[in-house]
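One structure is given here, and the rest of the page talks about it.
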C-alpha cells in the first residue's frame, strides 16, 4: 500500500505543470556568463537574470522560440516567441504581438547585470492561452549586444546575440 501511494504521489508531481524554469546563460565561447530563472505567476512570468562579463550598458533581452543555443551565434534559438505568423516586434509598438519581448537588461561599469522583470505575454505551460515556454521544442532566453528600441523591426535594433540559455 505504501509503495502504491508513493508511486501515485510521484506520478502526480510529474504530471503537474512546472512552476519555475532555469537557464544557464552562456557566451559564444561556451563559458557561463549567468543564470535566468523564470517563475510562473498568476498572469505571466517573473524573470530574474544574473549575468557577468557583459559590455557595460543596455542589452536587448528576449524569449526565443526554440530551446537550442547550440550554435555560437545562437541563431539556432530561432525567432522570438510569438502567437501569430505576421510578427510585429516592440513593447512600444501599438501593433506589437511579439510575445518574446522583454525590457532591456542593464550591465553596470563592472559588466554585472542583476534584474527582475515581469512579462504578461507568456507562460511556462500555456496558462491563460499565453504561449508556453516549455512546449515541445522548448525555448531560450537571449541577451543581445545592443539595446532594444522597442519599435524597430524585427528585433528593435538589438544586434548580435551575445548570450543564450535554454529554459529547463
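Each value in this text was obtained by applying a stated rule to the coordinates, not by laboratory testing. Being a predicted model, the structure only gives us computed values, none of them experimental. No Cβ is skipped: glycine too gets one built from the backbone with ideal geometry, and neighbour counts run over all protein chains shown.
Observations on the structure shown:
- Ranking of 130, 48 by neighbouring Cβ atoms within 10 Å, starting from the fewest: 48, 130.
- Ranked for footprinting exposure by Cβ neighbours inside 10 Å, fewest first, 74, 118 give 118, 74.
- Tilt relative to the chain, helix 2-15 - C-alpha long axis, 0 to 90 degrees, to 10: 30 degrees
- Diffusion coefficient of the chain by Stokes-Einstein, Kirkwood radius over Cα pairs, 10 °C, 1.306 mPa s: 97 µm²/s.
- For the range 18-166, the relative contact order works out to 31 percent when only alpha carbon pairs closer than 8 Å and six or more residues apart are counted.
- Whole-angstrom gap from the range 106-168 to the range 37-51, using each part's C-alpha centre: 11 Å
- Extended-chain gain in nm, criterion 0.36 nm per residue less alpha-carbon gap, residue 151 and residue 79: 24.3 nm
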